[in-house]
1. Rounded, prolate or oblate for region 376-450? Axes are the square roots of the Cα gyration tensor eigenvalues, ordered a ≥ b ≥ c, and the cut-off for rounded is a/c under 1.5.
2. Can you say what percent of the DSSP beta bridges in the chain, counting only those with both residues inside, are antiparallel? Round to 5.
3. Can you divide the C-alpha Rg of region 63-175 by 2.2 N^0.38 Å and report the result to two decimal places?
4. With +1 on each Lys and Arg Cβ and -1 on each Asp and Glu Cβ, and nothing else charged, work out how big the dipole of region 394-454 is about its Cα centre, in Debye to the nearest 20.
5. Among Ala443, Ser87, Gln421, pick out the residue whose Cα is farthest towards the positive end of the charge dipole of the chain, where Lys and Arg carry +1 and Asp and Glu carry -1 on C-beta, about the Cα centre.
6. Which Rg and Dmax, in Å, describe the Cα atoms of region 130-257?
7. Select from region 1-101 those GluC sites (Glu not before Pro) which occupy a DSSP coil region and have at most 11 other Cβ atoms within 10 Å, ordered by residue number.
8. Using the Cα centre as the reference, give the magnitude of the dipole from point charges on the C-beta atoms of the chain (Lys, Arg: +1; Asp, Glu: -1; all else neutral), rounded to the nearest 20 debye.
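Every number here is computed from the coordinates shown, using simple stated rules; none is lab data. Since the model is a prediction, treat every value here as computed from it, not as a measurement. We place every Cβ from the backbone using ideal geometry, glycine too, and count neighbours over all the protein chains shown.
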Amino acid sequence: MNQTFVSALQNPELFPHPVSGFELIETHISWVLLTGDFVYKIKKPVNFGFLDYSTLEQRAHFCKEELRLNQRLAPDLYLAVIPVYGSAESPSLKPDGQPIEYMVKTRQFRQQDLLGNLQRDGLLQNWHIDQLAERLAAFHADIQTVAADAPQGLPEQVHAPVTQNFEQIRQLINQPDQLSRLQTLENWANTTFDRLHAQLQQRRDSGFIRECHGDIYLDNVTLVDGQVTLFDCIEFNEDFRWIDTMSDVAFMVMDLRDRQLDRLANRFLNRYLEITGDYAGLAVLDYYIAYRAMVRAKVALLRLTQPIDEAGRLEVMQRYTGYISLAMACCTRNKPLGLIMHGVSGSGKSTLGLQLVEQLGCVRLRSDIERQRLFADHKESDRYSAQAGDAVYQLLGRLSQLVLDAGRNLLIDATHLQQRQRQLAREQITASSGIALILHCHAPLEQLEQRIQQRQQQGEDPSEADIDILHKQLAALQPLVSDEQAISLDANQPLVNLLQEIGKRRDAACVTSNSTEK
């Protein structure tokens with residue numbers, strides 16, 4: 001099909017519904033025809049190797065795949081595959097002979113409802129990000145796992161496109177400093193792959209290679225009837241969508257960081273982890289973030305192979321440099337910060353913890369969440385027994401190690417009423433070359449009780465603690481001792497003051513550690 005066909009389609013009489021007007025959006029692989037209430041997407045007859053729409057049979061197949069894959073996430077958005085009859089000069093949607101083309105029909109949504117446009121307009125909110133993480137987690141839980149005899153997800157197959165990216169980028173740059181940074185990244189990617197080889201295989205064996213979305217970023221997310229909705233899955237290449245679920249997560253984290261939205265990237269990652277419990281996936285996250293950034297870097301450079309003016313060339317190189325910086329950030333590991341929250345239910349630990357997660361890039365482990373996950377089949381009264389409490393803290397210890405081994409800042413959101421609980425957490429963090437800090441949250445009894453009652457009435461918090469449990473916690477609370485050097489605070493303290501104090505303690509610990517190492 002060609003431009004003649006696309007122009008001939010712009011006839012309101014062809015369509016079985018009212019057409020308010022036509023708007024044509026053209027990409028390098030498709031024509032997208034907006035009609036008012038509905039959109040028709042036509043695949044161009046192109047072959048780029050990784051994508052082959054060159055024959056009518058191929059286009060028919062991939063239209064059906066686009067519908068199948070996207071109806072998993074957006075069934076109300078993706079409606080049907082529409083065959084086109086007649087000729088390029090005089091197309092018809094009425095069955096007559098053999099189809100000459102196929103189109104994917106979708107509901108038309110407002111462009112301002114794209115999360116990417118909401119972000120550009122300064123309207124992206126926390127609930128958008130929370131709902132996006134929830135949608136993605138539910139999607140990943142439902143989709144098909146790769147077959148045992150399929151090649152997708154094998155470590156060498158995972159690393160092949162990583163290597164290919166570096167080879168392709170090297171052909172597009174020539175400055176010594178650019179080549180040097182590229183070599184540094186390539187060395188890191190290869191070393192990291194060697195280190196992660198067993199874990200990549202383990203993730204495949206454990207069922208984390210699934211038929212994912214493959215192209216998750218804010219411009220592929222929109223609001224449909226007020227609900228965050230992912231769309232535009234990759235249909236044209238199986239290898240691009242049969243991937244580790246954490247690769248899908250990495251794409252979104254990378255995109256948010258690229259938009260200077262680190263706070264929301266941290267929020268998104270933590271919400272996803274809380275729902276899925278896939279803290280083991282943190283081991284491979286940076287590897288995939290760097291890969292996703294390098295793909296974007298390569299795509300940016302490919303514009304230089306087309307006619308482009310000097311202003312366009314400078315813009316391309318600015319984008320390329322930005323993506324390289326995102327990838328380079330994955331190569332450096334600082335001493336992880338381990339924040340140990342301390343305080344009874346209602347003292348503000350979780351509220352403050354979320355703020356610290358967003359600002360410091362911590363991975364938060366919540367005892368309330370893990371208790372529910374661990375004792376999902378138990379009565380609520382059994383979840384707060386002494387035995388259950390020990391089991392929860394043992395689990396938090398195992399998960400903490402996964403976070404620390406991945407080089408991530410850690411925040412443990414639990415009461416830590418007993419000194420031994422705090423001591424074990426501190427020892428684990430320092431044994432992983434981390435910096436351990438205890439944050440003591442407190443409030444008057446009347447306020448503690450009021451917060452718990454409000455929380456129970458709202459029914460939106462994972463904590464199941466009631467007033468009776470609060471009083472038991474207060475009776476069992478072992479006070480802090482001087483060598484624990486806790487930072488004492490209440491929920492009304494300005495966050496900036498706490499961040500400054502944490503920064504001072506961290507810097508001092510780093511100086512002490514460096515002096516000891518010398």
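1. oblate
2. 65 percent
3. 1.57
4. Result for region 394-454 is approximately 180 debye, rounded to the nearest 20.
5. Farthest along the dipole direction, towards plus: Gln421.
6. For region 130-257, the Cα-based Rg and Dmax read 16.5, 51 Å.
7. Sites meeting the loop and neighbour criteria: Glu89.
8. Roughly 1020 debye, rounded to the nearest 20.
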